[in-house]
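Everything below concerns the one structure shown next.
The values are calculated or read from the model by the stated rules, or taken from the named source; none is laboratory data. Here the structure is a predicted model, which is why all the values come from computation and not from measurement. As a convention, Cβ positions derive from the backbone with ideal geometry for all residues, glycine included, and neighbour counts pool all protein chains shown. The protein model used for the area step is the full one, side chains on, heavy atoms only, and it has no ligands, DNA or RNA in it. Shrake-Rupley method; radii C 1.70, N 1.55, O 1.52, S 1.80 Å.
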Amino acid sequence: MGRKNRNVNKFAQRKRDQKEKAKNPQDKPAADTRKHYEDIIRENAAFEEYYKTQKVCPEEEWSDFMSSLKENLPTAFRITGSKAEAAALLNIVKSEYFSQLLNVKIKNEEKGEEEEIKPVSLPWYPGGIAWQLRLSRTDIRRNEPLYKLHNFLVAETAAGGVSRQEAVSMIPPVVLKVEPHHKVLDMCAAPGSKTAQLIEFLHADEDKVPSGFVMANDVDNSRCYMLVHQAKRLNSPCILITNHDSALMPALVTTDNKDPTKTKPLKFDRILCDVPCSGDATLRKNPDIWLKWSTGNGNNLHGIRILPHHQDTGGFFVAVFEKTGLLPWEKTVEEKTEKETEVKEDKKEPPQKRRRMGGYREDPFVFFSGDDEDVFPSIKEYYDLKEDFDSKCLLTRCYVGKKKNIYLVSSIVKDVVQKNEANLKIINTGVKTFVRCDNKNMTCPFRLSQEGLQSILQYIGAVRRVNILKQDLILVLQNDNPSNPPDIKLFTEHTQNLVKDLATGSCVLQYQDTESNLKLTLVGWRGVHSLRAYTATPDTVHYLRLLGADYSKYGNTKHS
């Protein structure tokens, strides 16, 4: 008993283990029998027999079905961001990248012949911003136009201008028809590509913050941080990331609009649940499944589904359920009648399983008490914030000590957090809006953050805004070395006049294209003798691309 519970010296134990291994050498591990995807024979008699018996596909379509499964899955992506930015970026994709593919042909290994590369706009996706085209890693290495397109997709994915996602995976958020006022729950959200779509649809009205929100949940604590990464790319104050078993989500409440002193059950308008399925259609992206497939693999959820040969996609299963009435345990007080109270055999809510929590201990979510919060008066004065800005929607992640980062959430998200934080494990929420910057030349100790700029922009007064010209914005972006920012003398007379009386510190750089609806807003910094932008390298490349300027110094765009 004593030996079992004593503390073990891990270093000494490791030494003992090493000696033991030296005395008793293990057999050599078996040789790696895995094959390169191109060498795999994409056939499996058991697979064909099983699915023919299931009659998943009409007999007259069987040959097309099998042919599609044996081909590599096409690359699919969609353009994201504001409508104006998305339109500008889509125009760049078509004119600079797709146009170079017009006469490009690649070899189809299965058919043994060359085929043209034809980018296809997915006709069912709103706005024509989702595309797919056939190409593999081998094709990218062999072909310069494809190599350039690949580099573009990688760079814009990092900046949030493009989201790379399977075509069929885009379907569920589309059919949910999310609107800005909807309360949306994504039950199994990681890694977050569908969550990103839900947020994009939630922000369809770009002129105001949505009254709804998205709660992105996942049972795996470590995978929840993938959602945090996705959320940072989208910069939304209307997202909550939670860590629960979605089958055991706690009962949530929100403030009753009819009586603010009371609460009411929180009901979601839309729920997305990405449940496990047979997974057989991953044959197109993981060809090694051909070698190990058995009937046991496919004998799960396999009925109505999206077949790969219909629109050159991966396989998928989608079902839409509409809730038409309350469940027995959801009846409200208003709906209860004297007759119902006399019923002896009352239907009860299914018993709840014990909830298990794990993972990292999260920092608290501490909301501002109001305009009298210690750091807020200087922020409000410096940025000339409008009176209708609700400071109670600002929060930090610490109770004591200096506030380093200040986050902004929408009013509905604040309400959900405050009313449910005792039984809801929240991983992350809000968008970073202000960052502590103890600069001796700045009267306010906080600078603006690019992440939260769009959410707070409407409240910032004219005193900290600079309407910069295109050539000046390009100058700022191309000279992004913080230790050597561009001198004010290098700018046009227009911009010099705007900033000559501007107090040093954080500001907003605004650009409006006179020939289109493109409008760019960046966090800037007015130095004593200089003006610079606070943008990460991927964002810098994104903005220079939209402006038609040179960004070659930020990466190798040559075919190698």
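Given the conditions (1) assigned to a loop (DSSP other than H, G, I, E, B); (2) open to solvent by 40 Å² or more (accessible area, probe 1.4 Å); (3) touching a Gly at 6+ places or on another chain (Cβ under 7 Å), which single one is not true for Pro237?
Only one criterion is unmet by Pro237, namely (2).
Can you give me the number of residues within region 460-474 that are within 15 Å of Tyr382 (Cα to Cα), of a type outside the set (A, V, I, L, M, F, W, C) and open to solvent by 50 Å² or more (accessible area, probe 1.4 Å)?
The qualifying residues number 1.
Could you say which residue among Ile427, Ile406, Ile379 is β-branched (Val, Ile, Thr) and more than 30 Å from Val499 (Cα to Cα)? Please lay out each step first, then the result.
Details: Ile406 fails: more than 30 Å from Val499 (Cα to Cα); Ile379 fails: more than 30 Å from Val499 (Cα to Cα).
From the options Ile427, Ile406, Ile379, the qualifying one is Ile427.
Against the definition (free of Cβ contacts under 8 Å to residues at least 60 places away in the same chain, out of contact with any Leu (no Cβ under 8 Å at 6 or more places or on another chain) and crowded, with 18+ Cβ neighbours inside 10 Å), how does Leu202 come out, yes or no?
Numbers: free of Cβ contacts under 8 Å to residues at least 60 places away in the same chain: yes; out of contact with any Leu (no Cβ under 8 Å at 6 or more places or on another chain): yes; crowded, with 18+ Cβ neighbours inside 10 Å: yes.
Here the answer is yes, as Leu202 does meet what is asked.
Please determine whether any residue of region 185-196 is over 24 Å from Ile406 (Cα atoms) and in a strand (DSSP E or B).
Yes: one or more hits.
Determine if region 128-139 includes at least one residue that is at pLDDT below 90, within 30 Å of Gln454 (Cα to Cα) and surrounded by fewer than 19 Cβ atoms within 10 Å (Cβ to Cβ).
Filtering region 128-139 for residues at pLDDT below 90 gives 133-139.
From what's left, within 30 Å of Gln454 (Cα to Cα): none.
No: zero hits.
Pick from region 381-425 the residues that are in contact with an Asp or Glu (Cβ under 7 Å, 6 or more places away or on another chain) and at pLDDT below 95: which of them is surrounded by the most Cβ atoms within 10 Å (Cβ to Cβ)?
To start, the set of residues in region 381-425 that are in contact with an Asp or Glu (Cβ under 7 Å, 6 or more places away or on another chain) comprises 391, 397-398, 411.
Next, only the ones that are at pLDDT below 95 stay: 397-398.
Values: Arg397: 16, Cys398: 12.
Taking the candidates together, the pick is Arg397.
Could you grab me the full set of residues in region 254-272 that are in contact (Cβ under 8 Å) with a residue 24 or more places away in the chain and either exposed (fewer than 10 other Cβ atoms within 10 Å of the Cβ) or in a loop (DSSP other than H, G, I, E, B) (or both)? Step through it out loud before you land on a result.
Step one: of region 254-272, the residues in contact (Cβ under 8 Å) with a residue 24 or more places away in the chain are 254-255, 263, 265-272.
Selection gives Leu266, Lys267, Phe268, Asp269.
Could you grab me the full set of residues in region 521-560 that are among the basic types (Lys, Arg), under 22 Å from Leu490 (Cβ atoms) and buried (at least 19 other Cβ atoms within 10 Å of the Cβ)?
Result: Arg526, Arg532.
Somewhere in region 149-157, is a residue in a loop (DSSP other than H, G, I, E, B), touching a Leu at 6+ places or on another chain (Cβ under 9 Å) and hydrophobic (A, V, I, L, M, F, W, C)? Spell out the reasoning first.
Kept after step one, since they are in a loop (DSSP other than H, G, I, E, B), are these residues of region 149-157: none.
Looking for residues that are in a loop (DSSP other than H, G, I, E, B), touching a Leu at 6+ places or on another chain (Cβ under 9 Å) and hydrophobic (A, V, I, L, M, F, W, C), one finds none in region 149-157, hence no.
Among Gly461, Gly505, which is more than 28 Å from the chain's Cα centre (by Cα) and on the phi > 0 side of the Ramachandran plot? Let's see the steps before the verdict.
Working: Gly461 fails: on the phi > 0 side of the Ramachandran plot.
So the residue among Gly461, Gly505 that is more than 28 Å from the chain's Cα centre (by Cα) and on the phi > 0 side of the Ramachandran plot is Gly505.
Given the structure, is Ser211 of a type in the set (Gly, Ala, Ser) and open to solvent by 50 Å² or more (accessible area, probe 1.4 Å)?
For Ser211, the condition - of a type in the set (Gly, Ala, Ser) and open to solvent by 50 Å² or more (accessible area, probe 1.4 Å) - is met.
Can you tell me which residues in region 475-497 are surrounded by 14 or more Cβ atoms within 10 Å (Cβ to Cβ) and either without any contact (Cβ under 8 Å) to a residue 24 or more places away in the chain or among the polar types (S, T, N, Q) (or both)?
Of region 475-497, the ones surrounded by 14 or more Cβ atoms within 10 Å (Cβ to Cβ) are 475-480, 485-486, 488, 490-492, 495-496.
Those that are surrounded by 14 or more Cβ atoms within 10 Å (Cβ to Cβ) and either without any contact (Cβ under 8 Å) to a residue 24 or more places away in the chain or among the polar types (S, T, N, Q) (or both): Leu475, Gln478, Asn479, Leu490, Thr492, Thr495, Gln496.
Within the set of pairs 6+ apart or on separate chains, which have a first residue in region 218-238 that is without any contact (Cβ under 8 Å) to a residue 40 or more places away in the chain and at negative phi, a second that is open to solvent by 60 Å² or more (accessible area, probe 1.4 Å) and not in a helix (DSSP H, G or I), and C-beta atoms under 6 Å apart?
Val219/Asp245; Met226/Pro191
Give just the number: which of (1) of a type in the set (Gly, Ala, Ser); (2) open to solvent by 30 Å² or more (accessible area, probe 1.4 Å); (3) without any contact (Cβ under 8 Å) to a residue 24 or more places away in the chain does Gly370 not satisfy?
(2)
For region 498-520, which positions are touching a strand residue (DSSP E or B) at 6+ places or on another chain (Cβ under 8 Å), open to solvent by 10 Å² or more (accessible area, probe 1.4 Å) and either hydroxyl-bearing (Ser, Thr, Tyr) or assigned by the TED database to the domain that holds Ala86 (or both)?
Thr504, Tyr511
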